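Since the structure comes first, as structure tokens, the remarks are kept for the end.
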Amino acid sequence: MSDMETGESKLKETFEKLDKNPVFSFSKPYLDFIGKGKIFGLVYYVMAVISIILPFVVLYLAIDSGIFKLGAKYVFAIILSWFVILFACWIGFQLWWNRRTKVTDMASSEFIATVCFSDIFQTFGEWLGTMIGIIGVGVGLIASIFLGSEARYLFRALGLSSLGTGPLVIISGPIMGFFIIILFRFLAELARLFAVLVNNTREIATNIKNK
């Protein structure tokens, strides 16, 4: 064995010892976490938790607005509306919770960031569109029945004034939610299509080169 080969062997042994040293390897779990795409799975858990917390945030906003002091019809309307929001958020929770397992399937892709982000983007659009659709119909219907022209106070108390008020929101909510779902899905599929095209182009180039 030449001196150069001996030196390379010793250098390799040195690096192997360094890799096993806790000082140089204590961050390995974190590096694996961000390197293998597991960090994207965290988004699904965070959004699932947000879906569970959101109804209670809305309830806090309603209490803080003082609407419970305005009379029985407001109290009844806001309680029913809160159950509608709770139902919508529960569906939203299930959406994120069920999609969390897709990260494992997408981890084998070379373009993991693109594929994972596009799925998160699509899921967010489905979550947002579903929430707007359900809450728009449910709360809009309750507000129209119990409060009539005063429905704006309920939407304002729940932090939903951006949806509009009155009978209009019963129609506009589902339509808006539908188009949000379609738009987000379309943009997400464009990102995935780009990743597939790049991957297929590279495979074709590799096959031609090997012939």
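The C-beta contact set for region 184-205 (first residue on the phi < 0 side of the Ramachandran plot, second residue modelled with pLDDT of 80 or more and of a type in the set (S, T, N, Q), distance under 7 angstrom, 6+ apart or interchain) comprises Phe184/Gln122; Arg185/Gln122; Ala188/Ser118; Ala188/Gln122; Ala191/Ser118; Arg192/Ser118.
Listed here are the residues, each with its yes/no results for (1) crowded, with 20+ Cβ neighbours inside 10 Å; (2) modelled with pLDDT of 90 or more; (3) under 13 Å from the mean Cα position of the chain (by Cα).
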| site | (1), (2), (3) |
| --- | --- |
| Phe87 | no, yes, no |
| Gly92 | yes, yes, yes |
| Arg100 | no, no, yes |
| Thr104 | no, no, no |
| Ala107 | no, no, no |
| Ile112 | no, no, no |
| Ser118 | yes, no, yes |
| Ile145 | no, no, no |
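The values are calculated or read from the model by the stated rules, or taken from the named source; none is laboratory data. Please read all numbers here as calculations on a predicted model, not as lab measurements. Positions of Cβ are generated from backbone atoms using ideal geometry, with glycine treated the same way; all protein chains shown enter the neighbour counts.
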